[in-house]
Amino acid sequence: MKNDSKTFLTLQYKLTYKQNFMTNLDFFKACLANELKATHDIIAALPTDQLSYKPHEVSRSAYEIAEHIVAHVYDFSVILNSGQCDECLTMPFGSSAEAAQMLKEHWEKTQQMLENYDENSFNTTPVELLVEGRSILTIPRANMMWFFFFDIIHHRGQLSSYIRPMGGKNPAVYGWSADSIGG
């Protein structure tokens, strides 16, 4: 296996430049496209028989974190279609493979929705975030999308630290892992 950055970090998006700069929407689409594989692979790497694992009694289980990530990806389409998002708190699944597939389907739906999305609507339309019907905040759609996106990456990092103690092998994310090169 070749261990250069081109092997592990292939960006799968088409850049659109306007007046020599990338718009916020273009940058979001590029980042979203780039993070799908790593997020999918981390969830798929979780040993299904160990999803109840948590490193400490106050920590969330691997299942709860994976469910939270998949629910956030589902929420992307709600944020893009509505002025209100009642955060999806559960997204039940039966196996890591099923959760990874659900994530991929919702992620790809979001990418399709963004293909012809209006830059102004993305950046300026207010979206209200609710949790269990209770209003938490209202911010521009782009800010809400970035907030959920960064939360997904944060929780993906948590899951990556769970995989080895669960008996699994860490996939390559931004470069190889000891497990992905045979370590």
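Here, each number is a calculation from the coordinates, and none is a lab measurement. All values reported here derive from a predicted model rather than from experimental measurement. Cβ coordinates were reconstructed from backbone atoms using ideal geometry, including for glycine residues, and neighbour counts include every protein chain displayed.
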For the chain, just say rounded, prolate or oblate: build the C-alpha gyration tensor, square-root its eigenvalues into a ≥ b ≥ c, call rounded for a/c under 1.5, and beyond that prolate if a/b exceeds b/c, oblate if not. oblate
Between the modelled labels at residue 139 and residue 49 (7 Å from Cα along Cα→Cβ) the distance in nm is 4.2 nm
Determine ³J(HN,Hα), in whole Hz, for all residues of region 53-70 in sequence, where each value follows from phi through the Karplus function 6.51 cos²θ - 1.76 cosθ + 1.60 and θ = phi - 60°; x replaces Gly and Pro. 4, 9, x, 8, 4, 8, 6, 6, 6, 4, 4, 4, 6, 4, 4, 4, 5, 4
At 7 Å along Cα-to-Cβ for each site, give me the label-to-label distance between residue 132 and residue 78 in nm. 1.4 nm
If one takes the longest principal axis of the Cα atoms in the chain, at what angle in degrees, from 0 to 90 and to the nearest 10, does the Cα axis of helix 141-163 lie? 0 degrees
Give the long-range amide H neighbours of residue 136: residues separated by 5 or more places, or on another chain, with amide H under 5 Å away, using H modelled in the peptide plane at 1.01 Å from N. 129, 130, 131
